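Undergrad: Here it is: the structure, laid out below.
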């Protein structure tokens, strides 16, 4: 799906590029990554994964703002992922974007449906890949 199609289908919308908003979102992302680590250390693996996911989501939103886009509509999380795939698939790697989407689904279960479903290794993987995702997002933002 191209960026034009995402715009036409009202999944994203064009806005003014906003480096201030991008910086704020990256700050939130770093805060969330730290919180995810703290939850992991406290053996709260469900929330560690959920918050690691949120860190990646905020970093994705930072990239969107830096490019002059934002997600809209009912499924904003999906809009962020589709945008990232179209615009940054090569730089962020499809592997990280796929992991973000997979984690989004697990996070939904943790937040709305079940508890105690995330293992220590799943939470640790989420934190490690969130760090990689944030580092790559920051590299992209700094290169602009």
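Taken together, the values in this text are just the output of simple stated rules run on the coordinates, not laboratory data. These numbers come from a predicted model, not from an experiment. Every residue, glycine among them, receives a Cβ derived from its backbone with ideal geometry; neighbour counts consider all protein chains shown.
Undergrad: Only residues of region 64-100 count here: report those whose backbone N is under 16 Å from the spot 7 Å along Cα→Cβ of residue 5, or say none.
TA: 79-89
Undergrad: Sorted by average packing, counted as other Cβ atoms within 10 angstrom per residue and highest first, what order do 127-139, 46-58 take? The partial results should precede the final answer.
TA: Numbers: 127-139: 18.6, 46-58: 25.5.
Going by the mean number of other Cβ atoms within 10 Å, highest first, we get 46-58, 127-139.
Undergrad: log10 I(q)/I(0), Debye, Cα-only the chain, no solvent, q = 0.17 Å⁻¹?
TA: -0.88
Undergrad: Same structure, new question: Taking the beta-carbon count within 10 Å as an exposure proxy, list 85, 108 from fewest neighbours to most.
TA: 108, 85
Undergrad: On full extension of the chain, what length is gained from residue 142 through residue 72, given 0.36 nm per residue of separation minus the C-alpha to C-alpha distance?
TA: 22.6 nm is the gain from fully extending residue 142 to residue 72.
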